[in-house]
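Undergrad: Dumping the structure here so I can ask a few things about it.
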Amino acid sequence: MARLPREYYLGNTVDLARDLLGKTLVRVLNGEPLVCRITETEAYVARCDKACHAYGGRRTARTEVLFGPPGHAYLYLIYGMHYCLNLVTEPEGEAAAVLIRGLEAVSGMETIRRLRFGPAAEGGLSAYQKKNFLNGPGKLCRALALTTAENGMDLTGDTLFLCERPEDVGVPSPPRRRERVRTGPRIGVDYAEEARDFPWRFWLETED
């Protein structure tokens, strides 16, 4: 199975946050590949970004992964209940990462749906559930069974990795749609002074 190599994650974090849109995220759970398409991201760069956990060189047990080699997962808990998946970027020592904010399920739907909403959703999703399926970092982590137990996981391994397209893991791509990339400020970083206005959030919008 083709994976994005570690060298891919060495690039500029903001550029990578945009480039990751449309890429394929694969989570292998109990031997089953759960395949999703990335639809929304946010960039965080410690050297200039007060919204980044490692801003100012803040090195703690939690942020240590950010300072490590690129191509690893940085997972943390917010509000005591939601996990967030980040992909560590840039050379070792440069704390930076891309937060995955939104996904589109491509394969493994039954498992993804059950993890997200529980057994009651096995018969199908309501319109509200479909609209709010994987549109948030906590939602997608729940749907892929990602917690801090996966913090530091190598993204070039066999359990959690990225590739260019679903076909790289033997799964057909969803039907093509006309999409455009949108850019804007990140969500939930109003505390970050000037950094709250950085246009470092990227998402795919379907065109009519």
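The values are calculated or read from the model by the stated rules, or taken from the named source; none is laboratory data. Not measured: the values here are computed from a predicted model. We place every Cβ from the backbone using ideal geometry, glycine too, and count neighbours over all the protein chains shown.
Undergrad: For segment 156-168, check the following and say yes or no: at least one residue is of a type in the set (A, V, I, L, M, F, W, C) and assigned to a loop (DSSP other than H, G, I, E, B).
TA: Checked segment 156-168: no residue is of a type in the set (A, V, I, L, M, F, W, C) and assigned to a loop (DSSP other than H, G, I, E, B).
Undergrad: Okay, moving on. May I ask you to say which residue of Tyr83, Tyr74 is among the aromatic types (Phe, Trp, Tyr) and under 25 Å from Glu7 (Cβ atoms)?
TA: Tyr74
Undergrad: Residue by residue through segment 15-35, note down the ones that are crowded, with 22+ Cβ neighbours inside 10 Å and either out of contact with any Cys (no Cβ under 7 Å at 6 or more places or on another chain) or closer than 20 Å to Trp203 by Cβ (or both).
TA: Of everything in segment 15-35, those that are crowded, with 22+ Cβ neighbours inside 10 Å and either out of contact with any Cys (no Cβ under 7 Å at 6 or more places or on another chain) or closer than 20 Å to Trp203 by Cβ (or both) turn out to be Leu16, Ala17, Leu20, Thr24, Leu25, Arg27, Leu34, Val35.
Undergrad: (1) acidic (Asp, Glu); (2) on the phi > 0 side of the Ramachandran plot; (3) surrounded by fewer than 14 Cβ atoms within 10 Å (Cβ to Cβ): which one isn't true of Glu110, the others all being true?
TA: Of everything listed in (1) acidic (Asp, Glu); (2) on the phi > 0 side of the Ramachandran plot; (3) surrounded by fewer than 14 Cβ atoms within 10 Å (Cβ to Cβ), Glu110 misses just condition (2).
Undergrad: May I pose another question? Quick check on segment 58-110: of everything there that is of a type in the set (Ser, Thr, Tyr) and touching a residue at least 60 places away in the same chain (Cβ under 8 Å), which residue is nearest to Asn135 (Cα to Cα)?
TA: That would be Tyr83.
Undergrad: Among the residues of segment 19-54, how many are of a type outside the set (Val, Ile, Thr), closer than 22 Å to Asn135 by Cβ and more than 12 Å from the chain's Cα centre (by Cα)?
TA: 6
Undergrad: Sort out which residues of segment 174-197 are assigned to a loop (DSSP other than H, G, I, E, B), touching a strand residue (DSSP E or B) at 6+ places or on another chain (Cβ under 8 Å) and surrounded by 13 or more Cβ atoms within 10 Å (Cβ to Cβ), and write them in order of number.
TA: Result: Pro185, Arg186, Ile187.
Undergrad: May I pose another question? What are the residues in segment 36-53 that are crowded, with 17+ Cβ neighbours inside 10 Å and either farther than 14 Å from Val98 by Cβ or among the acidic types (Asp, Glu) (or both), if any?
TA: Cys36, Arg37, Glu40, Glu42, Asp49
Undergrad: Sticking with this structure for a sec: Given the criterion over 24 Å from Glu94 (Cα atoms), among the polar types (S, T, N, Q) and at pLDDT 95 or above, identify the matching residue among Thr39, Thr13.
TA: Result: Thr39 is the single residue among Thr39, Thr13 that is over 24 Å from Glu94 (Cα atoms), among the polar types (S, T, N, Q) and at pLDDT 95 or above.
Undergrad: Next question, about the same structure. Against the conditions (1) at pLDDT 95 or above; (2) outside any strand (DSSP E or B); (3) farther than 30 Å from Arg59 by Cβ, where does Trp203 fall short? Just the number, please.
TA: With (1) at pLDDT 95 or above; (2) outside any strand (DSSP E or B); (3) farther than 30 Å from Arg59 by Cβ applied to Trp203, the lone miss is (2).
Undergrad: Output the residues belonging to segment 110-127 that are among the charged types (D, E, K, R) and more than 24 Å from the chain's Cα centre (by Cα).
TA: Glu122 - this is the single residue of segment 110-127 that is among the charged types (D, E, K, R) and more than 24 Å from the chain's Cα centre (by Cα).
Undergrad: Can you name the residue in segment 123-146 that is modelled with pLDDT under 95 and assigned to a helix (DSSP H, G or I) and, of all such residues, is farthest from Arg37 (Cα to Cα)?
TA: Among those that are modelled with pLDDT under 95 and assigned to a helix (DSSP H, G or I), it is Gly123.
Undergrad: While we're on this one: Any chance segment 199-207 includes a residue that's in contact (Cβ under 8 Å) with a residue 60 or more places away in the chain and exposed (fewer than 13 other Cβ atoms within 10 Å of the Cβ)?
TA: no
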